């Protein structure tokens, strides 16, 4: 999943980015409110983490830009202001959650996962044939066999599972699994697909990850 992180303190931004990327998220980092507003309107993010006090435009203004493009995307606001009035203002302005600095990265990650699951309780357990994914714990198994995946492999698998029986293009995979610095000319998508196939389909009589010629890839137990 692709996350927009807007934080003007570069050391804080780097800390959050590193932690979220270790969990398999693709993270685009911006430090200015004006840049973030334009980026939010041009890219379909799965969630956003916004600092309240930003140069040029505030986090609330960026939030309005995000809502204008994708009303239901989860948004967590970060701020050094800890009064009850400030927290209420943040939530009333359309934020889904509000965290006061300093905070533990583990808590931010947990709140982000909770927001991404909100309203989709049936999607915390994904299943196609004998392949199962526990989204909450990031556990993958096939036919009862535990499969260990690297963060990007897991991110790709979850995206394919959530779009099972539908072909997805290389461009869509790039948008949801990698950040804005990804080199789309490279063959890293093909390499990652092959790596995932070796772990998911190896030893099984029914392959689940298919190449759809001229389109992209599809995860299905049906003949593509």
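Here, each number is a calculation from the coordinates, and none is a lab measurement. None of these values were measured; they are calculated from a predicted model. Note that we place each Cβ from the backbone using ideal geometry, even for glycine, and neighbour counts take in every protein chain shown.
General remarks:
- Each residue, residue 68 and residue 223, gets one label point 7 Å from its Cα in the Cβ direction; the gap between the two is 5.0 nm.
- Where a label projected 7 Å from the Cα of residue 105 along Cα→Cβ would reach, residues of the range 1-44 with amide N under 12 Å: 12-24
- Axis angle, to the nearest 10 degrees, between helix 105-117 and the longest C-alpha principal axis of the chain: 70 degrees.
- Relative to the longest principal axis of the Cα atoms of the chain, the long axis of helix 151-162 lies at roughly 80 degrees.
- Between residue 81 and residue 21, the distance separating the two model label sites (each 7 Å from Cα on the Cα→Cβ line) works out to 3.1 nm.
- Judged by the mean number of other Cβ atoms found within 10 Å, the most tightly packed of the peptides 13-22, 28-37 leads the ranking 28-37, 13-22.
- The sum of -39500 (n - 2.57) across all DSSP H runs of n ≥ 4, divided by the residue count of the chain, sets its helix-only mean residue ellipticity at 222 nm to -12000 deg cm²/dmol.
- Of all beta bridges that DSSP places with both ends in the chain, some 50 percent have antiparallel geometry.
- Spatial separation of Cα centroids for the range 1-15 and the range 94-169, in angstrom: 20
- One decimal place: the segment residue 53-residue 194 gains 46.4 nm when fully extended, by the rule 0.36 nm per residue minus the C-alpha distance.
- Label separation (residue 148 vs residue 127): 2.6 nm, computed from points 7 Å beyond Cα along the C-beta direction.
- Using alpha-carbon coordinates, inclination of helix 10-22 to the longest axis of the chain, degrees: 20
- Among the listed values [x] 125; [y] 110; [z] 146, the one computed from these coordinates for volume of the Cα convex hull per residue in Å³ is [x].
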